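One structure is given below, encoded as structure tokens.
Rule-based calculations on the coordinates, nothing more; no lab input. Predicted, not measured: the structure shown is a model, and the values here were computed from it. We place every Cβ from the backbone using ideal geometry, glycine too, and count neighbours over all the protein chains shown.
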Amino acid sequence: DAGITQSPRHKVTETGTPVTLRCHQTENHRYMYWYRQDPGHGLRLIHYSYGVKDTDKGEVSDGYSVSRSKTEDFLLTLESATSSQTSVYFCAIRTEWDRGLNTEAFFGQGTRLTVV
Amino acid sequence: GNSVTQMEGPVTLSEEAFLTINCTYTATGYPSLFWYVQYPGEGLQLLLKATKADDKGSNKGFEATYRKETTSFHLEKGSVQVSDSAVYFCALWGSGAGSYQLTFGKGTKLSVIP
């Protein structure tokens, strides 16, 4: 599992409340990602990070923010949760070797978020 | 931008049947191609990969060949088992611009019945 832990694993929250999901890694990887998984859409990138305090948007970033204050933690925040953000959220890290010619992604176990 | 198209599911097969899940892609340059598998209630696991044209990835009896001429990476298995029931995702990691993310297809749910 490449030492990736997501917390919480399940959460139910009310519309309009802020929610923060945490991804923790133990192997000092530079790149970290947040995806959401929805039926009929596969996995879509929300935000990613390429280093401490270095983040960028993915294809479905509206309504989400991220922070990475240390290498091991990547936080995803829903500023004001909406029902459309009910989803399963996956964190991933990227490993590279052979000077970047080989790369793989490893995923956490996911966080199931329900916004009611 | 990069994109991945895989066959719609769900797919239901009898045990020991032959499996093909089609995957085609659009990308510039020389992407790396992957198949991930997701068992019920779990995260995604890398099943196999190929990093250049004509490479064949294989694992657990599954195979896929990187075909640049047809921009395809179809997943095959000669004899499926009930334990292969899962959702399968085709994905690519682009080269150059767009290489910052893994782009996924929408997934194909496979059910294998005894």
Students often forget the sequence filter, so: which aspartates and glutamates lie under 19 Å Cα-Cα from B:LYS49 once same-chain residues fewer than 8 apart are removed? A:ASP1, A:GLU96, A:ASP98, A:GLU104, B:GLU63, B:GLU69, B:GLU76, B:ASP84
For B:ASP55, the residues 5 or more places away or on another chain with a placed amide H closer than 5 Å to its own amide H are B:TYR66
Inter-chain shielding metric for B:46-52, i.e. average beta-carbon neighbours from other chains within 10 angstrom, reads 2
Which whole number gives the average count of other chain Cβ atoms within 10 Å of the Cβ atoms across peptide B:83-92? 1
To the nearest Å, what is the center-to-center distance of region B:48-114 and region A:1-36, using C-alpha atoms only? 26 Å
Intensity falloff of chain A expressed as log10 I(q)/I(0), Debye formula with alpha-carbon point scatterers, at q = 0.10, 0.18, 0.19, 0.21 Å⁻¹: -0.27, -0.87, -0.96, -1.16
How shielded is A:40-47 by partner chains, expressed as the average number of their Cβ atoms within 10 Å of its Cβ atoms? 5
Of all trypsin sites (Lys or Arg not before Pro) in region A:17-93, the ones in DSSP coil with at most 14 other Cβ atoms within 10 Å are A:ARG30, A:LYS53
Which residues qualify? For B:GLY9, with a placed amide H closer than 5 Å and at least 5 residues away or on another chain, they are B:LYS109
10 °C / 1.306 mPa s Stokes-Einstein diffusion coefficient of the protein assembly as shown, Kirkwood radius on C-alpha pairs, µm²/s: 88 µm²/s
Going down the table (B:LYS56/B:LYS106; A:LYS11/B:LYS52; A:LYS11/A:LYS57; A:LYS53/B:LYS68; A:LYS11/A:LYS70), which pairs top 31 Å between alpha carbons? A:LYS11/B:LYS52; A:LYS53/B:LYS68
Given an 8 Å cut-off on Cα distances and at least 6 residues of separation, report the relative contact order of chain B as a percent. 37 percent
Using a Gaussian network model on chain A with a 10 Å cutoff between Cα atoms, which of A:GLU14, A:GLU79, A:GLU104 fluctuates the most? A:GLU104
With a ≥ b ≥ c taken as the square roots of the eigenvalues of the C-alpha gyration tensor of region B:29-98, please select rounded if a/c is under 1.5 and otherwise prolate if a/b is larger than b/c or oblate if it is not? oblate
What is the set of long-range amide H partners of A:HIS47 at a cut-off below 5 Å, with H atoms built 1.01 Å from backbone N? A:TRP34, A:GLY58
